[in-house]
Each structure stands twice: as C-alpha cells, then as structure tokens.
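Scroll down for the structure; my scribbles are underneath it.
The values are calculated or read from the model by the stated rules, or taken from the named source; none is laboratory data. This is a predicted model, so every value here is computed, not measured. Here the Cβ positions follow ideal geometry from the backbone for every residue, glycine too, while neighbour counts run over all protein chains shown. Heads up: the accessible areas ignore ligands, DNA and RNA and are worked out on the full protein's heavy atoms, side chains in. Shrake-Rupley method; radii C 1.70, N 1.55, O 1.52, S 1.80 Å.
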Amino acid sequence: MNILIIGGTGFISGRLVEMLLQAGHRVTVFTRGRSQRSLPRHTNLDFVVGDRGKENSLRDTVAKHTFDAVYDMVAYEPQESEIAARVFRGEVGRFIHCSTISVYMVSNEVQCPITEDQDKAPLMPFFARNPFGMQYGINKRRCEEVLWKSHNERDFPVSMLRPTYVCGPQDPTLRDFFWIERICDGAPLLIPGSGDYAFQNVFVDDVARAFVSLLDHPTSVGQAYNVVGEEIFSLNDYLKLLCQILERQPEFVHVDQEIFDALPISSYPGGDVFPFNTRRTAIFSLEKIRRDLHYRSTPTREWLPKTIKWYLNEFRGHSTGYERRKQEMDFIQAWLAAKSSFVASFVQK
C-alpha cells in the first residue's frame, strides 16, 4: 500500500513507520520538519514538509500523490480533524486516527472495565490536574466527533485506536524514568495517596503493531479500539516491579492525596508531576480488539528491562521535577516525623 502518515517522527508514529516499511508498504511522512528523531533511510520512505493546520498544505500533498491509507497521529484540535476530513474525503481507502483513553477519563463516571462505547459519558467538572489530561481529553473527544460525523465507508472510512499511557525506550514523557531515577538514587519514594488504584500502561511496539494490523482487518472500518497492556497494576505494584528489576529497596512513603496536592513539588503548569497516579481505577476492556485484531500485548517483564536499560545507558538528562528532589526528601522527613509524633501523642494517652 501507499501510505501517508501525518506526524511520523514521534514516539508511536516513528515505530509505526518502521513497521510499515518492514511490512513492505511505501510510506510518506508529512511533518513540520522540526523533530530530532531520525528514521532509517529506506527506498520506500519519503518526506513532505508542511503544516497540517493549513488546508492548502495538505491538499498540495494529496494532489501530488495517491494514498491507500492515511494515519493521522497528531490531531489535537477539532479544527485539525475538520481539515483532514475535507481534504481526504473521496481520496483515501482508509483514514486512521490516533485517539486516546483520555476520552473516557474526563468523564464524571466510568464503568470498569471501560468499553469503547463509554466515550460520550457526561464530563466531570473541569479538573486541571486530571492525570489523563483534562483539556487534552476534551479536545480529543471533539476530534473524534468530527471524524465520526464525516465517516462514510465508501468516501471516508474512519477507524481509530485509543492508547493508554504508552511506555518504552525514547518515550518523550519520561514517565517511567520519573520513578527509575528516584529508585536509583536510593532515597525514599514519595507516593501520592494510597498507591492502590489499578491502571494499565502499554508498550509502544504493541501500539504501533495495532495500528499496522488495522490495514489487515476490513471489519475495523467504522470502529474504535482500546489499546492497553493486558496486565493490571496499582502504582504500588508497578513500583515494586521496577525495584525488583533495578535490585533496589527504597522506602515507600505515602502521603494523603489532599496534602500531596497542596505541595508545590506535586504539580507543574501542565498538571500533576508524579506519573501513574491515576486518582481513580482505570481498567480498559480488551475484548473488542482481541476479537477483531487478534491483539496480544508484550509482557511487562519483557519490555520494561529494555526501557530501563535505555534510560540508564542512552538517555541524557533528568526526569520531570528532579531538580526539586531535595524538597521531596525534606518533605518526606518532615512528614514521617509529624506522623511519628502524632501517633506517639495518642499512645501516651
């Protein structure tokens, strides 16, 4: 197939390009030309520099090429999806959109395991610290609404995947590294709340493979699918697994969520700093993607050591908020002392 990828140099889309090339497809990457990620040279790989937010830029690309399928990996605003729907209507055999499980997690209530039909549940009151991205989830819902309204099996056949937290080497969010770096420094870990809420993350290669497999399953036209790992963790469980692999045993120090939220170290302008603190149970159904795409995920114990190795040996820099690590440790010391004093005051009575 001749395939266009809008994006193509990102975390997920870079792996998608590599897998499509391995499968024998011809790939054109439409990009702003700003990414530092390098893709392997390949006779079946072309690049077009343009602005996906400008309709004429996309139309020029379509006018010069014929595409069997388009992957839109970087639509974050409904206006971008509107442009794509206008440009590609009647021009492609498949239009595949990268969405997110955040379309569910901005809802006031969800029923776990969360199925694909829960994408339109009433929104919660706006919560800027939503760990799944409040405005991000709202905007991705609107992108989906645009595409489903435009969906037509003959002229504009839409499919979409909704990944959860995507992890692996080269992850620009550094979610896993946040905890890896702190475990490695030997100091106690500050953990928001009880650390008991269940969640799923997913290996980047599994997400990329799911995007590729859509092309092989015509029944996926008109469908959306959750893409998550089959294993379920709490934050405590996940940190214990990281500690086992790293052969470290730091102290876990939990702090009440409302107290944690008041700490300057707990947030930054984009939301919460401490990753995988979901604040609610976040378990997603895989029944549909298993049935339609024969999806299976890579066991965490296979991909997580590779990810750790990349961070420790190849990544240069620190995780989000690590410049405030001393403040974390100062608070931990004060918190433990206050708890000890509080308990002692009751024991003495």
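How much of the pair distance distribution for the chain lies past 37 Å, counting alpha-carbon pairs only, in percent?
23 percent
Roughly how many Å² of Tyr238 are accessible to a 1.4 Å probe, to the nearest 10?
0 Å²
Enumerate the amide H contacts of Ala69 below 5 Å, restricted to partners 5 or more residues apart or on another chain; note that Pro and chain-start residues carry no placed amide H.
Close amide H contacts, sequence-distant or interchain: Asn2, Leu4, Gly93, Arg94.
For the range 77-88, what does the Karplus curve 6.51 cos²θ - 1.76 cosθ + 1.60, with θ = phi - 60°, yield as ³J(HN,Hα) per residue in whole Hz, taken in order and with x for Gly and Pro?
Taking θ as phi minus 60°, the curve returns 10, x, 4, 5, 6, 4, 4, 4, 4, 5, 5, 9 Hz for the range 77-88.
Working with all protein chains in place, sort His97, His42 by solvent-accessible area computed with a 1.4 Å probe, largest first.
Final ranking, largest accessible area leading: His42, His97.
How much accessible area does His65 have with a 1.4 Å probe, in Å² rounded to the nearest 10?
That residue has around 70 Å² of solvent-accessible surface.
Mind grabbing the accessible area of Glu77 for me, 1.4 Å probe, Å², rounded to tens?
80 Å²
Would you calculate, for the chain, the mean residue ellipticity at 222 nm contributed by helices, counting each DSSP H stretch of 4 or more residues as -39,500 (n - 2.57) and dividing by all residues, to the nearest 500?
Dividing the helical sum by the residues of the chain leaves -12000 deg cm²/dmol.
Quantify, in whole percent, the carbon and sulfur part of the accessible surface of the chain (1.4 Å probe; protein heavy atoms only).
The computed percentage sits at 50.
Of Gly271, Tyr238, Leu45, which is farthest on the positive side of the dipole of the chain, counting Cα position, with +1 on Lys and Arg Cβ, -1 on Asp and Glu Cβ, and the Cα centre as origin?
So the residue furthest toward the plus end is Leu45.
Provide Lys149, Lys240 ordered by accessible surface of protein heavy atoms (probe 1.4 Å), highest first.
Working: Lys149 175, Lys240 105 Å².
My answer, sorted largest first, is Lys149, Lys240.
5 Å is the cut-off here: which amide hydrogens, built 1.01 Å from N in the peptide plane, fall below it relative to Leu123, excluding neighbours closer than 5 in sequence?
Correct list: Asn108.
If the only charges are +1 at each Lys and Arg Cβ and -1 at each Asp and Glu Cβ, what is the size of the charge dipole of the chain around the Cα centre, to the nearest 20 debye?
420 debye
Around Ser285, which amide H atoms from residues at least 5 apart in sequence, or from another chain, sit under 5 Å from its own amide H, with H modelled in the peptide plane?
So Ser285 has HN proximity to Ile114, Thr115.
With every atom except the alpha carbons ignored, what do you get for Rg and Dmax of the range 139-228, in angstroms?
18.0, 59
Sort Asp292, Asp171, Asp196, Asp46 by accessible area with a 1.4 Å probe, largest first.
Final ranking, largest accessible area leading: Asp196, Asp46, Asp292, Asp171.
Which lysines does Lys64 reach when only Cα atoms under 20 Å apart count, and residues fewer than 8 places away in its own chain are ignored?
Lys54
Residue by residue, what Karplus-based ³J(HN,Hα) values in Hz, rounded to whole numbers, does the range 271-282 have, using 6.51, -1.76 and 1.60 with θ = phi - 60° and x for Gly and Pro?
Going residue by residue, I get x, 5, 8, 6, x, 6, 8, 6, 6, 7, 5, 9 Hz, with x marking Gly and Pro.
Given the C-alpha centroids of the range 133-160 and the range 43-81, what is the distance between them in whole angstrom?
16 Å
Considering only protein heavy atoms, what per residue accessible area in square angstrom results for the chain with a 1.4 angstrom probe?
46 Å²
So for the range 35-103, considering every pair of alpha-carbon atoms, how many percent are separated by more than 13 Å?
That fraction is 71 percent.
Please give every one of the lysines within straight-line cross-link reach of Lys326, meaning a C-alpha to C-alpha distance under 26 Å, and leave out same-chain neighbours fewer than 8 residues apart.
Answer for Lys326, where 26 Å is the Cα cut-off: Lys240, Lys309, Lys339, listed by chain and number.
Quick one: what are the phi-derived ³J(HN,Hα) couplings along the range 98-105, Karplus 6.51/-1.76/1.60 with θ = phi - 60°, whole Hz, x for glycine and proline?
With the stated coefficients, the range 98-105 comes to 8, 9, 6, 5, 4, 5, 8, 7 Hz.
Compute log10 of I(q)/I(0) for the range 205-261 with the Debye formula, placing one identical point scatterer on every Cα and leaving out solvent, at q = 0.17, 0.20, 0.23 Å⁻¹, to two decimals.
Debye intensities relative to I(0), on a log10 scale: -0.76, -0.85, -0.97.
Using a simple charge model, +1 on the beta-carbon of Lys and Arg, -1 on the beta-carbon of Asp and Glu, nothing else, what dipole does the range 151-239 show about its Cα centre, in debye to the nearest 20?
Charge dipole, the range 151-239, about its Cα centre: 220 debye, nearest 20.
Kirkwood Rh, the range 41-174, all Cα pairs: how many Å?
It works out to 16.3 Å.
Restricting to Cα pairs below 8 Å that are 6+ residues apart, what does the relative contact order work out to for the chain? Please round to a whole percent.
Reported as a whole number, the value is 17 percent.
Toward the positive end of the charge dipole of the chain, about the Cα centre and with charges on Cβ (Lys, Arg +1; Asp, Glu -1), which of Ser57, Met134, Ser319 goes farthest?
Ser57
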